[in-house]
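A quick write-up on the structure given underneath.
The values are calculated or read from the model by the stated rules, or taken from the named source; none is laboratory data. Predicted model only: the values in this text are computed from it and were never measured. Glycine gets a Cβ as well: all are built from the backbone with ideal geometry, and neighbour counts include every protein chain shown.
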Amino acid sequence: MLPPNHVWIHDARLSDAIVCFPIKRNMYGKIFGGFLMRKAVELAWSNASLFSGNRCRICGVDDIMFRKSVDVGSILLLSSQVEFTFPFSYFFLN
């Protein structure tokens with residue numbers, strides 16, 4: 001049994017598979033890092049938005065490290081999961 005306001009971790013996951021086409025390569029013939037970062041952020045945003053039931057706002061992204069270059073033709077398996085949330089609201093004033 002879960003305590004109130006808790007969910008199983010597998011219910012807070014989202015995955016995606018991406019084929020790396022030559023159009024996204026950099027001058028070294030590898031997949032452009034900006035494309036990889038964009039895909040990771042899009043998946044994280046989608047997961048947070050689906051989990052919360054609202055459109056989320058990305059406040060920041062820190063410390064991205066590329067461990068290995070990605071070859072053209074590779075299939076990337078990306079995954080995202082919500083680990084912790086807390087009640088918080090933004091109020092926008094004009």
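Comparison of Ile58, Ile18, Ile23, Ile64 shows that the only residue that is touching a residue at least 40 places away in the same chain (Cβ under 8 Å) and either out of contact with any strand residue (DSSP E or B) (no Cβ under 9 Å at 6 or more places or on another chain) or hydrophobic (A, V, I, L, M, F, W, C) (or both) is Ile18. When we screen Ser49, Ser89 for residues that are part of a loop (DSSP other than H, G, I, E, B), among the hydroxyl-bearing types (Ser, Thr, Tyr) and either touching a Pro at 6+ places or on another chain (Cβ under 6 Å) or at pLDDT below 95 (or both), the only hit is Ser89. Consider the stretch 1-43 and keep the residues that are farther than 26 Å from Val82 by Cα and among the β-branched types (Val, Ile, Thr). The one that is surrounded by the fewest Cβ atoms within 10 Å (Cβ to Cβ) is Ile23.
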